[in-house]
Amino acid sequence: QVQLVESGGGLVQAGGSLRLSCAVSGIIISDNRMAWYRQAPGKQRESVASITSGGTTNYANSIEGRFTISRDNAKNTVYLQMNSLKPEDTAVYYCYARVSTWSAYWGQGTQVTVSS
């Protein structure tokens, strides 16, 4: 059974930092494409950052170099370091695993709220 469990969200002031964690079981993260998505109220879910099995990272243009996705293979955990947070970063952040063309998994989400 595949499980993705996010943690690390919370309330932070603009300009602050948070680190999100996604603890994964049931699959090996280094064998799969992992990603972080977010969904703000009234908006569609959007991709924030991704990391391939080979370690290549990709980021949304809106991140502007403020976020970093990484993984700890020994802990089978994916991270999203978020710096210089802005109120518009407020959203529920979801961890995502793409296992195959036909199979993907989502975590339950963690709320990030950035106050101005």
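The values are calculated or read from the model by the stated rules, or taken from the named source; none is laboratory data. Just so it is clear, the structure is predicted and the values come from calculations on it, not from any experiment. Glycine gets a Cβ as well: all are built from the backbone with ideal geometry, and neighbour counts include every protein chain shown. The area values use the complete protein model at the heavy-atom level, side chains included, leaving out ligands, DNA and RNA. Shrake-Rupley method; radii C 1.70, N 1.55, O 1.52, S 1.80 Å.
Points to keep in mind about this one:
- Placing unit charges on the Cβ atoms only, positive for Lys and Arg and negative for Asp and Glu, gives the chain a dipole magnitude near 40 debye about its Cα centre.
- Couplings 3J(HN,Hα) of region 102-113, computed from phi: 10, 9, 8, 9, 10, x, 7, x, 9, 7, 10, 10 Hz, in residue order, whole Hz [Karplus 6.51 cos²θ - 1.76 cosθ + 1.60, θ = phi - 60°; x for Gly and Pro].
- Take residue 90: with every protein chain present and a 1.4 Å probe, its accessible area is about 40 Å².
- What the phi angles of region 89-99 give under the Karplus curve with 6.51, -1.76 and 1.60, with θ = phi - 60°, is a coupling list of 7, 4, 4, 8, 9, 10, 8, 9, 10, 9, 8 Hz, glycine and proline written as x.
- FRET efficiency for residue 44 and residue 106, using Cβ-Cβ distance with R0 set to 22 Å, rounded to 0.05: 0.90
- Note on the chain: GNM, Cα springs under 10 Å; of 54, 16, 42, the largest mean-square fluctuation is that of 42.
- Most tightly packed first, judged by the mean number of other beta-carbon atoms within 10 Å of their residues, the peptides 102-111, 31-40 read 31-40, 102-111.
- The portion of the accessible surface of region 1-109 made up by carbon and sulfur, rounded to a whole percent, is 46 (1.4 Å probe; DNA, RNA and ligands excluded).
- Build a GNM of the chain with springs between Cα atoms under 10 Å apart, and of 97, 23, 60 the one that fluctuates most is 60.
- Where the chain is the region considered: accessible area per residue in Å², 1.4 Å probe: 52
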